[in-house]
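Enquirer: I'd like to ask some things about the structure below.
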C-alpha cells in the first residue's frame, strides 16, 4: 500500500467500522493532543482504552488506563499510536501478540515506520501513518469546513442533524 496518500474511502471505511480504540501514549494532561483526540473519539461514540504505563490503574476521561495492550480486557478494533516512530516496532510486537488481532493500527501525525507497517499488513491489519483520526473524521464529515478550513470535500448535501452526539457524514450511529 502507498502510505504517502490514502483514499478518502479507505479512511472513511476504517472510521465507520472501528468501534473500540486503544490509544498507546494516552495522556491525562488536557493540553496534550492524545487527550483531546481521546475526548473527541469518545464524543463520537467510540470506546476508548487508554494505554500509558505511567498512569496505569488511574482514569483518563473516565476510562481505566492500562500499562500495555495485553492488559486491555476486551478486544480492540484499532490501536492509535501516540509515540515516536522509533517506538513503533515494539508496539507492533505487542499488537501481533494480541488475540484477536486489531483491524487497524493508526500512527499519529509525524509517526511513520514502513517496516513495521509491512509486518502489520502481512498479518492482515490495515495501517494508516502520519494521520490523525480526529482530523480525518472531522475532514471527511465536513466539520472542519464549518470553521472556515478547507476540508477537501465538496458537497451541497446538508449535514444530517441527529439527537445526542453528532456524527456528520460518516454514518456512525
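Read-outs throughout are calculated quantities, based only on the coordinates presented, and are distinct from any laboratory measurement. Since we're looking at a predicted model, the values are computed, not measured. All Cβ positions, even for glycine, are placed from backbone atoms using ideal geometry, and neighbour counts span all protein chains on display.
Enquirer: Name the residue that is farthest from residue 115 (Cα to Cα), counting only residues in segment 1-24 that are outside any helix (DSSP H, G or I) and over 12 Å from the mean Cα position of the chain (by Cα).
Expert: 7
Enquirer: If you don't mind, another one. Filtering segment 17-32 down to residues that are exposed (fewer than 15 other Cβ atoms within 10 Å of the Cβ) and touching a residue at least 24 places away in the same chain (Cβ under 8 Å), which residue is farthest from residue 76 (Cα to Cα)?
Expert: Looking at the filtered set, the residue picked out is 17.
Enquirer: Turning to a different aspect of this structure: In segment 38-50, how many residues are in contact with a helix residue (DSSP H, G or I) (Cβ under 6 Å, 6 or more places away or on another chain) and closer than 16 Å to residue 77 by Cβ? Please lay out each step first, then the result.
Expert: Initial filter on segment 38-50 (in contact with a helix residue (DSSP H, G or I) (Cβ under 6 Å, 6 or more places away or on another chain)): 40, 48.
Then drop every residue that is not closer than 16 Å to residue 77 by Cβ, which leaves 48.
Within segment 38-50, residues that are in contact with a helix residue (DSSP H, G or I) (Cβ under 6 Å, 6 or more places away or on another chain) and closer than 16 Å to residue 77 by Cβ number 1.
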